[in-house]
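Data first, discussion second: the structure below is written as C-alpha cells.
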Amino acid sequence: MTSNLQMEQKVEVKALNIGKRLHQASRALFAIAIAGQMLFVYYIVAFYGGIAVSGQYEKVNDQLGHGVMEGDPIGNAMLAIHIFLAAVITFGGPLQFSTALRNRFPKFHRWNGRIYFVTAVVICLAGLYMNTTRGAHGGFIMSVGNFINASLIMGFSVMAWRTAMQRKFMAHKKWALRAFLMVSGVWFFRIGYGLWLLLTGFSGVGVSHDLTGPFDRFLSFGHSLVPLLILELYFFAKSHQSLQIKKWTAAFLALLCLLLVGGIAVVSMIFWIPVLH
Ligand code: HEM
C-alpha cells in the first residue's frame, strides 16, 4: 500500500518537474526573443530615427532594396508609416504578455491591445501596398510569403480581439501569442539568415543576392510558418498527458534558445550594429 502511494507520489513529482521544465524552457525562449526584438527596435529607432532627424533620406537605401524611390511619394509615405509603426508594435507587443502589468494595469493592457491591433493592420496594409506596387525581393514567391504573413497577422489579431471581447481568456492568450509570432515574422526573417550563416559556416550556401536561392525560398514561408509550428507543438505538449512528449519538447525548446542566441548575435553583428556607425 505504502509503496504504491510512494510510487504515485514519485510519478506526480516527476510530472511536476517535467511540466516545470517545459514552462521554464518556453519562458527562456520568449525572454531571448524579446531581448532580440529590443535590439531590432534599437536599430529601427537609431537608424531610421537618425535619418528622419538628419533629413538624409537617401541613406534608407543603404539598407533596403527599394527604399526611398523617386517619383513614388505614396510608396515612400507607406514605407515611412510602415517603419515608424514597426518600432511601435515591436516595442509595445511584448508588454501585453506581462502578467504583472496585466493584473496591475488592466486598462493599459486593453488600450495597448487596441493600439497593437490597429498598428498591425496598418503595417500590413502599407506592406501589402509596397509589395504589390514595387514587388518583393525574391520575386513572386517572396510576395506570396509576405501575403501569407500579412494574412496571418490580421487573421490572428482579429481572433485575439474577438476572444478578448467574448471573455474567453485562455483562447485569447493563445491567439494573441500566434498574432505576436506572426508580427515577429519580419524579425524571424532576419534571425533566420543569421542562424543559417552560423550553421553553414558563413558560406552563404542556398542564399542568393536577389533572394531567389533555395534557403531564401524556404525562408519566404518559414519566417511565419516555422515559429507557428513550434508554438503549436508547445501548446500540444503542454496539454498532452505524455511526460515523454513534454520532456522532449522542453529539450527542443532549450536547444532553440541556443540557436536563437546565435542567430541574434550574427544578425546584430552583420546587419544592425555596422549601420549605426
Ligand atoms: C507587423 C509586422 C511587420 C513589421 C514589424 C515590419 C517591419 C519592417 C521594417 C523594420 C522594415 C525595414 C527593414 C530594415 O531596415 O531591415 C520593413 C520593410 C518592409 N516591409 Fe515590413 N514589417 C512587417 C510586416 C510586413 C508585411 C506583412 C509586409 C508585406 C506584405 C511587409 C513589407 C515590407 C516591405 C515591402 C518593406 C520595404 C522593403 C524595401 O524597400 O526593400 N512588411 N518592415
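Where does helix 214-239 land angle-wise versus the long Cα axis of the chain, in degrees 0 to 90, nearest 10?
Result, in degrees: 30.
If I histogram all Cα-Cα distances within the range 24-88 using bins 5 Å wide from 0, what percent of pairs lands in each bin?
4, 16, 21, 22, 13, 9, 7, 6, 3, 1, 0
Set the Förster distance to 35 Å, then compute FRET efficiency between Ile273 and Phe147 from the Cβ-Cβ distance, nearest 0.05.
Working: r = 31 Å, r/R0 = 0.90.
Approximately 0.65, to the nearest 0.05.
In degrees between 0 and 90, to the nearest 10, how far off the longest principal axis of the chain does helix 73-95 point, with axes built from Cα atoms?
20
First measure r as the distance between the Cβ atoms of Glu8 and His209, then evaluate 1/(1 + (r/R0)^6) with R0 = 51 Å and state the FRET efficiency to the nearest 0.05. The partial results should precede the final answer.
Details: r = 61 Å, r/R0 = 1.20.
Step by step, r from the Cβ atoms, then E = 0.25.
Extending each Cα 7 Å along its Cβ direction at Ser54 and Leu199, get the distance between those two points in nm, one decimal.
Computed distance between label sites Ser54 and Leu199 equals 3.6 nm.
Quick one: angle between helix 2-44 and the longest Cα principal axis of the chain, in degrees between 0 and 90, rounded to 10, please.
So the inclination is approximately 10 degrees.
Mean shadow of the chain, computed from the convex hull of its alpha carbons, in nm²? Walk me through the intermediate numbers first.
Numbers: hull surface 70.7 nm².
Its Cα hull, projected and averaged over all orientations, spans 17.7 nm².
Report, in deg cm²/dmol and to the nearest 500, the calculated mean residue ellipticity at 222 nm for the chain, where each DSSP H run with n ≥ 4 adds -39500 (n - 2.57) and the sum is divided by the residue count.
Details: 10 runs with 214 residues, N = 277.
Taking each H run of at least 4 residues, the total per residue is -27000 deg cm²/dmol.
Expressed in nm², what is the orientationally averaged projection area of the convex hull enclosing the Cα positions of the range 114-215? Please report the intermediate quantities before stating the final value.
Numbers: hull surface 29.1 nm².
Across all orientations, the range 114-215 yields a mean hull projection of 7.3 nm².
Write down the Å³ per residue value for the convex hull defined by the alpha carbon atoms of the range 137-277. Can you show the working numbers first?
On the way: hull volume 17.9 nm³, N = 141.
So the per-residue hull volume is 127 Å³.
Since every read-out is calculated from the coordinates, none of them should be taken as a lab result. Keep in mind that what you see is a predicted model, and the values were worked out from it rather than measured. All Cβ positions, glycine included, derive from the backbone under ideal geometry; neighbour counts span all protein chains shown.
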